[in-house]
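Contents: one structure, followed by commentary.
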Amino acid sequence: MLRGIGASSGVAIGIARVIKKTSEVEKVLIKDTQKEIERLEKAIELAKKEIEDLKVSSKENIGEKGAEIFEAHLMILEDVEFIGAIKEKINTEFINAEYAVKLTSDEFAQIFINMDNDYFKERAADIKDIGNRIINILLGKNNNSISSIKESCIIVAHDITPSETAQMNKDLVLGMAANLGGKTSHVAILARTLEIPAVLGLGNITEVVKDGDLLILDGDNGLVLINPSQETISVYKEKQEKILLEKRELLKYKDVEIKNKLGRKVEIAANIGNPFEVDIALKYGAEGIGLFRTEFLYMDKTSMPTENEQFEAYKYVLEKMKDRLVIIRTLDIGGDKNLPYLNLEKEMNPFLGLRAIRLCLNKRDIFKTQLRALLRAGLYGNLGIMFPMISSLEELKEAKNILKEVERELEAEGVEYSKDYKVGIMIETPSSAIISDILAKEVDFFSIGTNDLIQYTLAVDRMNQNVSYLYNPNHPAILRLIKTVIDNAHKEGIWVGMCGEMAADVNMLNTLLEFGIDELSVSPPMILKLKKSSGQAS
């Protein structure tokens, strides 16, 4: 049994197909560097065409926004630093293009791997994917062995790239297991979109598993069992059938309405981190988007996303959700999420430092670019703009003033923008909860971010195993703060949602309904489970 990271839930039972990657690239000394650079440039143009074709074909398989992952690949192929570094190696070291590509892609991938943030570490796979594509074109080899699969199997590989995932036959691929990768890798996101069980970060599975081995892949617990006993197979087959039965059973609850103690309908919305996840949210019956985490638009790149790139992402989600409310949170960077290209100073305690709204107020050009994109996109749907990590009235007023300033600038430029949008804040600090009666006069809604609220209130780092037992959503202090926030909001005639993990805790649902919560926003797969647990099915 091997233990890794459960990147996409579900159980797969099947024969292993071990995928062999590109063979070692030989170093060859050359004399005509110009001719070698011409070879490289032709290969890059062919790679661009392959990716454009892949993007088109992927739309049917993984949806429009899922296919847009390959925009990042096209950008790498046009990156002056990346391509320039390859050409420089050819010119100065007199080496063949294949070897120059290998050296450069390895170097760039290592830069990402060495970063503190897991999300950035996993961008190394995209660099490697592009490097392998160019090398295979130069060598005249087929770029995707996974696409040649002709029978049902569980794929086993050192690393599974986004382009391989997009091209695989989802009817034949039962599951995926790889040495590398994590929950926020593009492959993990695509696997969840395709609903293919995946276990990544296994370390050495390609050394342990052979073609034809029987595998059980448990995506929920991050396990891979190799040549299991008949008894174990029977246990997992039962589990597999139970999961399929539960999925069919849950669909009955898609149209169920949950009501709070006041008899008012509670909106069950979805948390999303990428634009294409809106399709999954709709599939599970999301009644709105309660939290669109925009930081992933920034973390997917090596430089700041442009206003138009952000506008297109926001517009896509708003159009998909039609008249349903889409709450888009402004940039929440800091704490455990950092952007290397911002060159922020290292902080002793980043969770209490320059993060979220504090960073946006400090770097107004970044903040204003995002607000411009949001206001423009607001014309295409029902927009809610939400400021994170508010801890004082002064911060909130300053953020609202900048928003109005952006409106005036768009007006002066003759740019069309939405004047009909909602403004809300996340309640995730004890101070904002305590003065929620004052803050409620300034906004249209609250969304309680319980992950940070619990952490800050109880002074507990939930990632620290030594004190994680103190991280308790049922702590009287937490329950009192939540009840206070809801009561204060209702007195001012505004509604209250919740978007932290506590919102998806079925054991807390009755308490939250009793408190009078108006909206719960959870990961898409939890929507139907939450509706089922309410016991309000007709």
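The values are calculated or read from the model by the stated rules, or taken from the named source; none is laboratory data. Bear in mind that the values here come from a model prediction, so they are computed numbers and not experimental data. With ideal geometry, Cβ positions are generated from the backbone for all residues, glycine too; neighbour counts draw on all protein chains shown.
Could you please let me know if Leu282 is surrounded by 13 or more Cβ atoms within 10 Å (Cβ to Cβ) and either within 30 Å of Gln310 (Cα to Cα) or in contact (Cβ under 8 Å) with a residue 24 or more places away in the chain (or both)?
The answer is yes for Leu282.
Do any helices (runs of 4 or more DSSP H) lying entirely in the stretch 51-134 carry at least 3 residues that are at pLDDT below 85, and which ones are they?
Ranges flagged: 64-67, 69-77, 97-113, 118-121.
Out of the residues in the stretch 4-25 that are at pLDDT 85 or above and among the hydrophobic types (A, V, I, L, M, F, W, C), state the one that is surrounded by the fewest Cβ atoms within 10 Å (Cβ to Cβ).
Restricting to residues being at pLDDT 85 or above and among the hydrophobic types (A, V, I, L, M, F, W, C), the top hit is Ile15.
May I ask you to list the residues in the stretch 255-274 that are within 26 Å of the chain's Cα centre (by Cα) and either outside the structural domain of Gly516 (by TED's automatic domain parsing) or outside any loop (DSSP other than H, G, I, E, B) (or both)?
Initially, the stretch 255-274 is screened for residues within 26 Å of the chain's Cα centre (by Cα), giving 266-274.
If the condition is that a residue be within 26 Å of the chain's Cα centre (by Cα) and either outside the structural domain of Gly516 (by TED's automatic domain parsing) or outside any loop (DSSP other than H, G, I, E, B) (or both), then Val266, Glu267, Ile268, Ala269, Ala270, Asn271, Ile272 are the ones that fit.
Residue check: is Ala459 out of contact with any Lys or Arg (no Cβ under 9 Å at 6 or more places or on another chain) and small (Gly, Ala, Ser)?
yes
Which one of these is farther than 19 Å from Gly273 by Cβ and crowded, with 16+ Cβ neighbours inside 10 Å: Phe387, Phe351, Phe367?
Values: Phe387 fails: farther than 19 Å from Gly273 by Cβ; Phe351 fails: crowded, with 16+ Cβ neighbours inside 10 Å.
Criteria check complete, one pass: Phe367.
Give the stretch 197-217 a look and list any residue that's among the β-branched types (Val, Ile, Thr) and assigned to a helix (DSSP H, G or I), or say none.
Ile205, Thr206, Val208
Could you please let me know if Leu291 is of a type in the set (A, V, I, L, M) and free of Cβ contacts under 8 Å to residues at least 40 places away in the same chain?
no
Taking the stretch 204-223 only, how many residues are loosely packed, with under 14 Cβ neighbours inside 10 Å and at positive phi?
Number satisfying all stated conditions: 1.
Assuming Glu514 fulfils every condition listed in (1) free of Cβ contacts under 8 Å to residues at least 12 places away in the same chain; (2) loosely packed, with under 14 Cβ neighbours inside 10 Å apart from one, which condition is it?
(1)
Out of the helices (runs of 4 or more DSSP H) lying entirely within the stretch 354-450, which hold 3 or more residues that are more than 30 Å from Ile486 (Cβ to Cβ) and touching a helix residue (DSSP H, G or I) at 6+ places or on another chain (Cβ under 8 Å)?
Here the list reads 364-377, 393-413.
Given Glu277, Glu319, Glu307, which one is within 26 Å of Asp126 (Cβ to Cβ), outside the structural domain of Val187 (by TED's automatic domain parsing) and out of contact with any strand residue (DSSP E or B) (no Cβ under 9 Å at 6 or more places or on another chain)?
Step by step, each of Glu277, Glu319, Glu307 is checked, and only Glu307 is within 26 Å of Asp126 (Cβ to Cβ), outside the structural domain of Val187 (by TED's automatic domain parsing) and out of contact with any strand residue (DSSP E or B) (no Cβ under 9 Å at 6 or more places or on another chain).
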